[in-house]
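A.B. asks: Mind having a look at this structure? Questions to follow.
The values are calculated or read from the model by the stated rules, or taken from the named source; none is laboratory data. For clarity, every value in this text was computed on a predicted model and none was experimentally measured. Positions of Cβ are generated from backbone atoms using ideal geometry, with glycine treated the same way; all protein chains shown enter the neighbour counts. Ligands, DNA and RNA are excluded from the accessible area calculation, which covers all protein heavy atoms including side chains. Shrake-Rupley method; radii C 1.70, N 1.55, O 1.52, S 1.80 Å.
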Amino acid sequence: IELRILAHLSGDENLKSAFLNDLDIHSYTASILFSKDKDSITEEERAIAKTVNFGIIYGMSAYGLSKQLDIPYERAESFINEYFLRYPKVKIYIQKVYEEAQEKGYVTTLFKRRRELPEIKSSNPQLKELAKRQAINTPIQGLAADLIKIAMIKIYNEFKNRNLNTKFLLQIHDELIFDVPKEELDIVIDIVKENMQNALKLDVPIKVNIKYAKTWVN
């Protein structure tokens, strides 16, 4: 969900196109980083691209990426440069967020929830770098948190209005867990999918995967 939100917030056409065409975003990015057809990408290459995709969201530097992947700094820097070359509006968006955070001392989510970042103006390089990563990540992860809460409220209200006996058990990041009577399974699947996918209209579709079993072990 964070990468879909990044596509929405940045407006990057290449990133949006990947989701609009229902591509595997990590294989797609790997094809960019390694200049290969996406169908010939190896699992290792996909894993590297996945690290880069999420590293960008968390404001990871070339140094951080080199440590994470255990590769030379120059290679990590090349990956990030290639990423921004193919997703140019992501780079523009990140720079804009960082500059606004420096100016205001805080960042906000799309729903105006605010995170203060006093260290963004710190003379301590480590504190400033941490604040920079937080500035980049907060609008994305914050909107993801907003989205799941909106979906939860809508789902709960619909359960209540329909007098269902399904129980809301747990939320884990972008996952929801329910205890569902067998006779309510089909209707609950429809309610959950509809409300999670349409909690907020983004420029790219929100996809929901649903699984069910008799026990959590399965």
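To keep it simple, each residue is scored yes or no on (1) among the small types (Gly, Ala, Ser); (2) open to solvent by less than 60 Å² (accessible area, probe 1.4 Å); (3) without any contact (Cβ under 8 Å) to a residue 40 or more places away in the chain.
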| site | (1), (2), (3) |
| --- | --- |
| Ile71 | no, yes, yes |
| Glu129 | no, no, no |
| Arg133 | no, no, no |
| Asn137 | no, yes, no |
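A.B. asks: If a residue has to be in contact with a helix residue (DSSP H, G or I) (Cβ under 8 Å, 6 or more places away or on another chain), closer than 27 Å to Leu3 by Cβ, without any contact (Cβ under 8 Å) to a residue 40 or more places away in the chain and outside any strand (DSSP E or B) to count, how many in the range 150-179 make the cut?
C.D. replies: The total comes to 1.
A.B. asks: Now for a separate question. Just for the range 74-111: of the residues that are in contact with an Asp or Glu (Cβ under 9 Å, 6 or more places away or on another chain) and open to solvent by less than 20 Å² (accessible area, probe 1.4 Å), which one is farthest from Ile136 (Cα to Cα)?
C.D. replies: Among them, the one singled out is Tyr87.
A.B. asks: Being open to solvent by less than 50 Å² (accessible area, probe 1.4 Å), touching a residue at least 12 places away in the same chain (Cβ under 8 Å) and either among the polar types (S, T, N, Q) or part of a helix (DSSP H, G or I) (or both) is the filter here; which residues of the range 113-127 pass it?
C.D. replies: Ile120, the sole residue that qualifies.
A.B. asks: Would you mention how many residues in the range 150-172 are closer than 13 Å to Asp190 by Cβ and open to solvent by less than 80 Å² (accessible area, probe 1.4 Å)?
C.D. replies: Number of matching residues: 5.
A.B. asks: Condition check: touching a Lys or Arg at 6+ places or on another chain (Cβ under 8 Å), modelled with pLDDT under 95 and part of a helix (DSSP H, G or I). Does Phe84 satisfy that?
C.D. replies: So Phe84 fits the description; yes.
A.B. asks: Here is a follow-up. Collect the residues in the range 180-218 that are assigned to a loop (DSSP other than H, G, I, E, B), open to solvent by less than 100 Å² (accessible area, probe 1.4 Å) and within 30 Å of Asn14 (Cα to Cα), keeping them in residue-number order.
C.D. replies: Within the range 180-218, Asn198, Ala199, Leu200, Leu202, Asp203, Val204, Pro205, Ile206, Val208, Ile210 meet the criteria.
A.B. asks: Could you count how many residues in the range 91-112 are of a type in the set (Phe, Trp, Tyr) and in a helix (DSSP H, G or I)?
C.D. replies: Number of matching residues: 2.
A.B. asks: Next question. In the range 50-69, what residues are open to solvent by less than 60 Å² (accessible area, probe 1.4 Å) and in a loop (DSSP other than H, G, I, E, B)?
C.D. replies: If the condition is that a residue be open to solvent by less than 60 Å² (accessible area, probe 1.4 Å) and in a loop (DSSP other than H, G, I, E, B), then Gly59, Met60, Ser61 are the ones that fit.
A.B. asks: Kindly indicate whether any position in the range 18-27 is crowded, with 20+ Cβ neighbours inside 10 Å, farther than 15 Å from Arg133 by Cα and of a type in the set (A, V, I, L, M, F, W, C).
C.D. replies: Checking the range 18-27: at least one residue is crowded, with 20+ Cβ neighbours inside 10 Å, farther than 15 Å from Arg133 by Cα and of a type in the set (A, V, I, L, M, F, W, C).
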